[in-house]
1. In whole Å, how far is the Cα centre of region 182-252 from that of region 54-95?
2. For Cα pairs less than 8 Å apart in space and 6+ apart in sequence, what is the mean separation divided by the residue count of region 1-149, i.e. the relative contact order in percent?
3. Over the Cα atoms of region 140-262, Rg to Rh with Kirkwood Rh, two decimal places?
4. Taking each pair of distinct Cα atoms in region 30-114 once, what is the resulting Kirkwood hydrodynamic radius in Å?
5. Counting only DSSP beta bridges with both residues in the chain, what percent are antiparallel, rounded to the nearest 5?
6. Need the full-extension length gain, Arg51 to Thr234, defined as separation in residues times 0.36 nm minus the C-alpha distance. One decimal, nm.
7. Report the gain in length on full extension from Gln75 to Ala90: 0.36 nm times residue separation, minus Cα-Cα distance, nm rounded to one decimal.
8. Could you work out how far helix 8-28 tilts from the main Cα principal axis of the chain, as a 0 to 90 degree angle to the nearest 10?
Amino acid sequence: MTAQIIDGKAFAARLRSRIAAEVATLAGQGITPGLAVVLVGEDPASQVYVRSKGRMTREVGMASFEHRLSQQVSQQELLELIQKLNEDPAVHGILVQLPLPAHMDEAAVINAITPDKDVDGFHILNVGRLATGQRAMVPCTPLGCLMLLRDHLGSLAGRNAVVIGRSNIVGKPMAQLLLRDSATVTIAHSRTEDLPELCRRADILVAAVGRPSFVQGDWIKPGATVIDVGINRTEDGLVGDVDHAGASQVAGAFTPVPGGVGPMTIACLLANTLTATARIHGLPDPEGLTP
Ligand code: NAD
């Protein structure tokens, strides 16, 4: 069997055009969605992410506000900036690029963002809303994975899903979203016993580990749908968490790296900014952009 490739890049491009069309409609009502991105320090990878987020925000017709602060800035100064952005009516989404410098309390900074503008979905209120099935802002990477899964499989109800990784950014919210779609969900992590055997039971396998080519072909159930969230920089270039040569022999479908989940993350950030804008202005949620 040769697995189908789930083209996240093409899906994300279609999503961005849809968002651009909705932004144009909002412009007719005098509303321009605005996304503020705050970068603290000079981490090269974060700088690349922030630049591409700004470019794609402008490409869909939204306003992009970039705030670059030095590595030495105090937490108090950062909190004051967040407060200004919370109150700024031109800003509908606020994203603080992680990781933050060691002298800052990440949770305190994230929880200072007003939950309605928390387009990363990391605020404790949004985490709780997602867990209890209330209207939340949902973290971008798992939201993108969910969109790809629904597009490829239709209903996820009753399917066995295994999520490898329990981070607050990917693993846990991914599991919540799968559960919300009535999949039977198992979360695996670094202390899980006999991971290959567990994975072999998965109709849906999501790998969010951060180890190059970690998931082997013989861990995959024949015909399973495999979502590779991993982004690992190696001497051979960008590599996912799944051994793609192995997966392509066994899986029914899988997301490549690059060109799978990565492009969906930024597209979902724009989707969340659009959703936040609609909610702030008392408009209905744009269709298909929320779980
Ligand atoms: P993390 O380091 O916070 O979490 C990794 C998880 O993997 C942990 O929960 C840990 O328990 C688990 N793990 C580690 N070793 C394991 C093992 N041997 N067996 C089973 N589980 C193990 O990472 P994260 O932030 O969740 O990111 C995971 C990966 O996804 C990284 O490669 C990251 O770069 C990538 N990522 C990609 C996107 C994207 O847009 N595509 C977004 C976020 C993260």
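1. So the separation of the two Cα centres works out to 35 Å.
2. Working: 180 pairs, mean separation 31.4, N = 149.
Answer for region 1-149 is 21 percent.
3. On the way: Rg = 12.8 Å, Rh = 13.9 Å.
Here the Rg-to-Rh quotient is 0.92.
4. Numbers: mean 1/r = 0.0758 Å⁻¹.
Result for region 30-114, one decimal place: 13.2 Å.
5. On the way: 3 of 33 bridges.
Restricted to the chain, the bridges split so that about 10 percent are antiparallel.
6. Numbers: separation 183, 0.36 × 183 = 65.88 nm, distance 2.23 nm.
Length gained, Arg51 through Thr234: 63.7 nm.
7. On the way: separation 15, 0.36 × 15 = 5.40 nm, distance 2.38 nm.
Separation in residues times 0.36 nm, less the Cα-Cα distance, equals 3.0 nm.
8. 30 degrees
The values are calculated or read from the model by the stated rules, or taken from the named source; none is laboratory data. None of these values were measured; they are calculated from a predicted model. Cβ sites come from the backbone with ideal geometry, for glycine too, and all protein chains shown count toward neighbours. These area figures cover heavy atoms from the full protein model, side chains too; ligands, DNA and RNA do not enter into them. Shrake-Rupley method; radii C 1.70, N 1.55, O 1.52, S 1.80 Å.
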